[in-house]
1. Go through (1) surrounded by fewer than 17 Cβ atoms within 10 Å (Cβ to Cβ); (2) in contact (Cβ under 8 Å) with a residue 60 or more places away in the chain; (3) not basic (Lys, Arg) one by one and return the number of the condition Glu13 breaks.
2. Check off (1) charged (D, E, K, R); (2) more than 26 Å from the chain's Cα centre (by Cα); (3) at pLDDT below 90 for Asp201 and give me the number that stays unchecked.
3. Within the stretch 20-69, can you find the residues that are outside any helix (DSSP H, G or I) and either surrounded by 13 or more Cβ atoms within 10 Å (Cβ to Cβ) or at pLDDT 90 or above (or both)?
4. Could you say whether any residue in the stretch 256-264 is under 19 Å from the mean Cα position of the chain (by Cα), more than 22 Å from Asn196 (Cα to Cα) and of a type in the set (A, V, I, L, M, F, W, C)?
5. Within the group Glu24, Glu67, Glu13, which residue is under 24 Å from the mean Cα position of the chain (by Cα) and charged (D, E, K, R)?
6. If you take the residues of the stretch 235-276 that are among the small types (Gly, Ala, Ser) and loosely packed, with under 15 Cβ neighbours inside 10 Å, which of them is modelled with the highest pLDDT?
Amino acid sequence: MTEQARSASALSETVTQSWRCFLETYEPLRPVLYRYCRYLSRSPWDAEDLVQDTLARAFATLAGLSEPPADPRAWLLRVASNLWIDQVRRRAVRPETPVAAPDQPDPRGAQAPAARDTREAAGTLLVQLAPQERAAVVLKDVFELGLEEIAAILSTTTGAVKAALHRGRDKLADPDLEATRMPASGALDAFCDAFNARDLDRLTALLLDHASVEVVGATTIYGAKHARSTVLTGMLFGSERMASVADGGTCDGIDPRFAQGVLPVPPRLELRAHRGEHLLLSWYAHRDGEFVRGVSRVELSAEGDRIARLRNYYYTPEVIAELCDELGLPHRSNGTFRARGAA
């Protein structure tokens, strides 16, 4: 190993240790962060992306601070607010232009419970607001923070917060809903069939050669062949490793707390229509029944016959819980990626 390679290896180990230390403080705040991001964004997917971006930005920013934040929760919400406002501005969304309403229910899908109706109604109204107005309303009316706390999070004055709240509440009106479209599902049906037949060759062939396959919050793989030996294999046969850990075995990457009751039976994949798109649900067998432990989204090629991108939401407990609760499906958490190998 060259000196440069040794230095790179040492740096990687140092960064990994620092990341774990960072998460000891900030990972417990993840549910609050997701909830905030969920109100700001238009879907659970956008919310999860914002959560991941916020944690990454906070980790990178922390090293440059002269002293640690006095209030980690408020600071994390501030990082999320700044990121989200910047994203909206980059997309050149005009404040007065109605934005597509969030998460429209699929008329062909499951009926939403009353709790979702209330949250959806609030979210639908919030998307009509300018970024800072929306953040101010959420922090005040949802999180019930004081004006000074909101001003600190949004890097502004209490007077500006009052003005944003006044403007935001005045703008709340019935939304201009946009119809959702369902993607073609031929390739997805084929993917489900190949998965449930445990046919890695067929699964791999359904991916574009340069497809990206991501386990959100953990890793991203480029190329069908590489995805075959990593993510696809893990999706197919990871339950066997989970069961071994639950029975007292050891395996890097699996937290025993989340493996209890799992049977060494390959999961089955189900295609389910939800909120204008098709999702791939991974059902795992347990001693007390079947539970959803993974949700995947796909983007098809231009021709619609192969998969260009697959995102597996295995380490996103809030996303899995929200979607399964709305669909009325039993589910189990896998924790977050940080939990790998924890006692």
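The values are calculated or read from the model by the stated rules, or taken from the named source; none is laboratory data. None of these values were measured; they are calculated from a predicted model. Counting neighbours? That spans all protein chains shown, and the Cβs are built from the backbone with ideal geometry, glycine included.
1. Single failed check for Glu13: (2).
2. Condition not satisfied by Asp201: (3).
3. Step one: of the stretch 20-69, the residues outside any helix (DSSP H, G or I) are 41-43, 63-69.
Correct list: Ser41, Arg42, Ser43, Pro69.
4. Yes.
5. Matching residue, one of Glu24, Glu67, Glu13: Glu24.
6. Step one: list which residues in the stretch 235-276 are among the small types (Gly, Ala, Ser), which gives 238-239, 243-244, 246, 248-249, 253, 259, 261, 273, 276.
Imposing the further condition that a residue be loosely packed, with under 15 Cβ neighbours inside 10 Å reduces the set to 248-249, 253.
On the way: Gly248: 68, Gly249: 63, Gly253: 60.
Selected residue: Gly248.
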